[in-house]
Amino acid sequence: NHNHRSKDAGSDTGKDTVAYAALLRNELLGAGIESVPNLHTEDRRHTVFSQDTHSLFRYTVHTKRVPFDSGNEVSPYSLSPLSNKSHKLLRSPRKPARKISKIPFKVLDAPELQDDFYLNLVDWSAGNLLSVGLGACVYLWSACTSQVTRLCDLSVDGDSVTSVCWNERGSLVAVGTHKGYVQIWDAAGGRKLTSLEGHSARVGALAWNGEQLSSGSRDRVILQRDVRTPPSAERRLQGHRQEVCGLKWSPDHQHLASGGNDNKLLVWNSSSLLPMQQYSDHLAAVKAIAWSPHQHGLLVSGGGTADRCLRFWNTLTGQPLQSTDTGSQVCNLAWSKHANELVSTHGYSQNQILVWKYPSLNQVAKLTGHSYRVLYLAVSPDGEAIVTGAGDETLRFWNVFSKTRCTKESKSVLNLFTRIR
């Protein structure tokens, strides 16, 4: 069955099959293929099984000796029966198949991790600490030592955690609360530095930009404050008509993208009080937002249950680029630091994690395991692993962007060294 064949195409055996088919065509049909067709970028049926211009048998008599280095002729001194083209084919480099493990390399219990689309309760710091908002508390988990510490407990104030976000250095954690406060905590010292007022409803989205902190709230306002100065020096960005649920600063620190429950994606520059761009193509809430670290001005956003689409934007020109329907509510997005790939996490109805190549938007992997929608996502500081969180009260760690592509020894039948003991 064709589907089964193409599914196996990424595996080493699939590649060997194509190489073998090309080899046979060289030797029997004189096809002159010098490199193994790439299974992903070229149409296999065309490259491997296209109609031949040569007939199988040729009844011509060679009166003139063709110089043996011309390609298909075999040198009279060769120890191999294969033609030169076939030798080139066997020597042609072949990319190792990309292997992404379908199972998480670690699972942590996260009791009271809220199943609420509008919150952002997981973040991973530059110092390799994970901050997680569980109910009224923020916990820090060290990826190096696996130690857990409780940073704060808001239950004394009758409050709860609605968002967490590390600053770029990984020394400070911003904590957004249900009552509308934004607290700044010193992670190493375990002490609260300040508590910022200004929002009249829960703060579900936070984003640092150097010493500036942006916070988005159910009160529809984005507040921007410098944590070193008195709270009076704040900028109020008013453009959303419903709760602000997504906030991300661009890698060059110049632009802030915000998504709201009004289905809008807005882009603000660092000085204006009005959005410089407004995108209204999504048909549901925009929580998932990510700026590309590879291409200046490239922004991707994902829509909620009624939309399910990933949409790409060139914010330099304001042009929409391309979009794809993922089939499920898009909860979160992140780009790989190493490759032009991105990961999306999903809710209704499949609760899956998808890895995409850009700009082809080919799916590299589909990871399942969460039994609730995958609302939370963070990328490790080395850019190789991700952590996902869901209302099933688990955090799952996956190796999706590993720089070491092949962890296992290749099982290719053409690889002689697997047989040596």
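The values are calculated or read from the model by the stated rules, or taken from the named source; none is laboratory data. Computed from a predicted model, the values in this text were never measured in an experiment. Neighbour counts run over all protein chains shown; Cβ positions are idealised from the backbone, glycine included. These accessible areas exclude ligands, DNA and RNA; they are computed on the full protein's heavy atoms, side chains included. Shrake-Rupley method; radii C 1.70, N 1.55, O 1.52, S 1.80 Å.
Taking amide H as placed 1.01 Å from N in the peptide plane, the amide H of M276 sits under 5 Å from that of V267, W268, N269, each at least 5 places away or on another chain. For the residue pairs K264/K337; K102/K337; K287/K366; K88/K337; K192/K366; K88/K366, alpha carbon separations beyond 32 Å are given by K88/K337; K192/K366; K88/K366. Highest mean first, the peptides 217-225, 264-272, 243-251 sorted by other C-beta atoms within 10 Å per residue fall in the order 243-251, 217-225, 264-272.
Rounded to the nearest 20, the Cβ-based charge dipole of segment 106-399 about its Cα centre (Lys and Arg +1, Asp and Glu -1) stands at 360 debye.
Sorted on the mean count of surrounding Cβ atoms within 10 Å across their residues, most packed first, peptides 20-27, 233-240 read 20-27, 233-240. Derived scalar couplings between HN and Hα for segment 243-258 equal 3, 7, 10, x, 8, 8, 8, 6, x, 8, 6, 9, 10, 10, 9, 10 Hz in order, rounded to whole Hz, by the Karplus curve 6.51 cos²θ - 1.76 cosθ + 1.60 (θ = phi - 60°), x for Gly and Pro. The shape of segment 138-243 comes out prolate: with a ≥ b ≥ c from the C-alpha gyration tensor, a/c is at least 1.5 and a/b beats b/c. Here the Karplus relation 6.51 cos²θ - 1.76 cosθ + 1.60, evaluated at θ = phi - 60°, turns the backbone of segment 178-183 into coupling constants of 4, 7, x, 8, 10, 9 Hz, with x for every Gly and Pro.
Working ranking of peptides 298-305, 151-158, 368-375 by packing, defined as the average number of other Cβ atoms within 10 Å per residue, highest first, is 298-305, 368-375, 151-158. Our note on the geometry: Cα centres of segment 335-380 and segment 129-178, 24 Å apart. Using heavy atoms of the protein chains and a probe of 1.4 Å, the accessible area assigned to H296 is about 120 Å².
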